[in-house]
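In what follows, a structure is listed as structure tokens, so that the remarks can point back to it.
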Amino acid sequence: MGFFGRLFGGDEEKNTGEEARRKTVSGFQALELQSATGRSLASIDPYDEVLFTENREEATASISVRREGSVEPVSVVTCHLPKDSNDRTEMIRMMRTLNEDIGVARRNHTKVLRVPTNEYDLYAYMRRRPATTMDFDGIESALKEHKKVQAMDDLGTAIKSKQRVDFFIAMDSLYNVEAYKILKDEWKNYRNVIFHEIERGNNTHVFWRNLEILKIIKDTPETIPVGLGIVGSKPPHSLSLVSDQEGSVIEKVSVLIGRPMNTRQLLLDAQFRGHFNLVYKTGKERGMSLDVIRSSAWDLAAEEARYRLSEKQVKDFTSIVQTAIEMNPHAFALKAPFNDEILIRNMFPEAETGLAVDIGDQTVYYYGDEESISLLVEGVNDIHWTQDGPGMCHIDVPAGKKIELYNKMAKDVCLRSKYIRDMQETLLNNEEVSIKDAYNNIVDLVVRYNATGFTLDDQIQLLQHVAILRENPSYQESIVNIMTEALTDENPYLSFGVNDEETAPQEIPEDS
């Protein structure tokens with residue numbers, strides 16, 4: 001049982017009679033199974049039986065519930081089994097895991113569990129299962145890698161057999177150019193491998209419909225076209241490698257040719273996938289010092305920006321911002337000549353947790369987590385910011401108003417967001433410690449923030465944004481009680497365990 005259950009106990013009204021016997025037996029209570037959309041499938045009482053069956057004739061596997069006193073079970077999940085023996089084994093394994101999850105939910109007194117109802121939902125369920133033993137990511141990555149490696153093996157065979165291969169390189173990003181260097185080094189000794197550097201011109205990207213690319217393909221129909229960073233609908237029998245949500249083109253090219261990335265390539269791949277924070281993590285894994293990581297991150301951020309911005313813009317931005325950071329390395333706000341989301345996220349880890357960027361004393365952009373963005377968008381003192389996308393919002397400073405007001409607002413919200421994160425982390429960590437330590441951890445947190453100016457009312461107001469309390473609203477009252485006891489002279493727990501009769505005034509006997 002978690003901290004809250006152990007510390008505060010349940011607050012539900014206790015049932016009596018036969019209904020209570022069915023719903024609470026030896027610590028068990030009814031478990032409702034629902035579909036992904038919330039449709040009720042079955043309610044499992046302590047005396048009910050959950051069955052897993054495999055029907056070889058119909059090639060199905062199912063999970064059903066047999067109610068106490070009933071003969072026919074109620075079907076909950078039915079999946080068709082594939083013909084392939086390995087696939088069939090995997091499907092049955094997933095079904096058995098789901099059956100185990102239902103059993104765990106019953107033992108943990110879960111009230112509602114949403115479960116899949118067919119093989120497609122089952123696959124999605126298992127992929128999202130927190131403690132799954134199914135390595136779907138590994139399976140999918142292996143399948144994708146197999147297909148890519150097969151394609152590159154075919155390409156490698158074609159190259160070695162002297163067939164012409166034309167690589168079209170979009171020279172519009174640092175990641176494409178770095179991947180280009182890897183490929184060029186791999187096949188630099190093959191004359192039938194030809195590299196074409198394609199500029200984007202006035203377009204945002206280089207597309208397969210680029211006239212230079214189309215002309216080369218038309219003039220050499222025997223060639224194998226390979227696009228690096230080329231986007232859009234590609235010609236038949238061509239191979240396309242681009243940076244996308246699956247990873248950077250640098251990582252893809254390295255995997256395809258079977259060559260591990262060096263430190264620079266690893267950091268660039270990290271920058272594409274996770275900006276400064278992932279660069280930091282990758283650098284630490286490579287044994288780099290904090291100063292070296294920070295210097296490398298800034299250099300790579302500027303190098304990436306030069307493919308989108310002018311040299312003067314990059315120089316002005318990095319010079320002004322670096323000077324500001326040297327003067328106040330712990331600032332929540334900084335002045336910048338313009339706003340560039342990618343450059344800012346690549347340079348500052350604070351862009352994930354709270355950073356206000358002042359542009360010309362006219363606009364303030366705020367970068368942070370969703371909690372702080374939500375607080376600003378919902379409004380502070382009737383001032384509402386405008387959300388620009390995930391983790392980012394802005395406000396235009398009205399004429400006659402000082403920008404310091406909005407920088408302070410952003411700083412205050414950043415601190416409030418930090419409080420929300422710290423409370424969430426504390427409550428999660430409390431699941432692993434004793435009741436005494438769990439209680440003291442909450443007290444220490446609220447006292448510490450109270451010392452920074454966060455009053456009891458301030459902290460109570462922020463509890464609605466703490467995820468674990470949103471998921472368990474009944475716990476919020478208990479946290480408020482702890483906060484009240486810690487920050488005021490009130491003690492909400494004094495009356496616990498005391499009967500009204502014991503606290504009633506007693507009659508004083510007359511002197512005899």
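FYI, it's all coordinate maths here, none of it is from the lab. Worth saying up front: this structure is predicted, and the values here are computed from it rather than measured. Neighbour counts run over all protein chains shown; Cβ positions are idealised from the backbone, glycine included.
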>> Below 15 angstrom from the Cβ of Leu456, what's the summed charge of the other residues (Lys, Arg +1; Asp, Glu -1)?
In response: -4
>> Between Val377 and Ile342, what is 0.36 nm times their sequence separation minus the Cα-Cα distance? Round to one decimal in nm.
In response: 10.4 nm
>> Would any residue of region 447-478 have its amide N under 20 Å from a label point 7 Å out along Cα→Cβ of His384? List them or say none.
In response: 465
>> At a 10 angstrom cut-off on C-beta neighbours, averaged per residue, how do the peptides 377-385, 163-171, 234-242 rank from highest to lowest?
In response: 163-171, 234-242, 377-385
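What FRET efficiency comes out for Glu490 versus Glu49 if R0 is 45 angstrom and r is the Cβ-Cβ distance? Round to the nearest 0.05.
0.35
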> Could you state the number of Å between the C-alpha centres of region 296-348 and region 414-484?
Replying inline: 35 Å
> Quick one: if you stick a label point 7 Å off each Cα along the C-beta vector at Glu352 and His237, how many nm between them?
Replying inline: 4.6 nm
>> Above 17 Å lies some portion of the pair distances; for region 336-425, what is it as a whole percent of all C-alpha pairs?
In response: 43 percent
>> Just to be sure I understand: if I project the alpha-carbon convex hull of region 178-273 onto a plane and average over all orientations, what area do I get in nm²?
In response: 6.9 nm²
> Taking the alpha-carbon centroid of each part, what is the distance from region 214-283 to region 356-408 in angstrom?
Replying inline: 36 Å
>> If I model a spin label as a point 7 Å beyond the Cα along the Cα-Cβ vector, how far apart are those points for Met327 and Glu311 in nm?
In response: 2.8 nm
> How do the peptides 64-71, 483-490 rank, highest first, by the average count of neighbouring beta carbon atoms within 10 Å per residue?
Replying inline: 483-490, 64-71
> From the phi of every residue in region 406-421, what ³J(HN,Hα) in whole Hz does the Karplus formula 6.51 cos²θ - 1.76 cosθ + 1.60 yield, where θ is phi - 60° and glycine or proline is x?
Replying inline: 7, 5, 5, 4, 5, 5, 4, 5, 4, 5, 5, 5, 5, 4, 4, 5
>> Positive end of the dipole of region 356-433, charges at C-beta (+1 Lys, Arg; -1 Asp, Glu), about the Cα centre: which of Ile403, Val357, Asn429 has its Cα farthest in that direction?
In response: Ile403
> If you place +1 on the Cβ of every Lys and Arg, -1 on the Cβ of every Asp and Glu, and leave all else neutral, what size is the dipole of region 421-472 about its Cα centre, to the nearest 20 Debye?
Replying inline: 80 debye
> Using +1 on the beta carbon of Lys and Arg, -1 on that of Asp and Glu, and nothing else charged, what's the dipole of region 36-80 about the Cα centre, debye to 20?
Replying inline: 180 debye
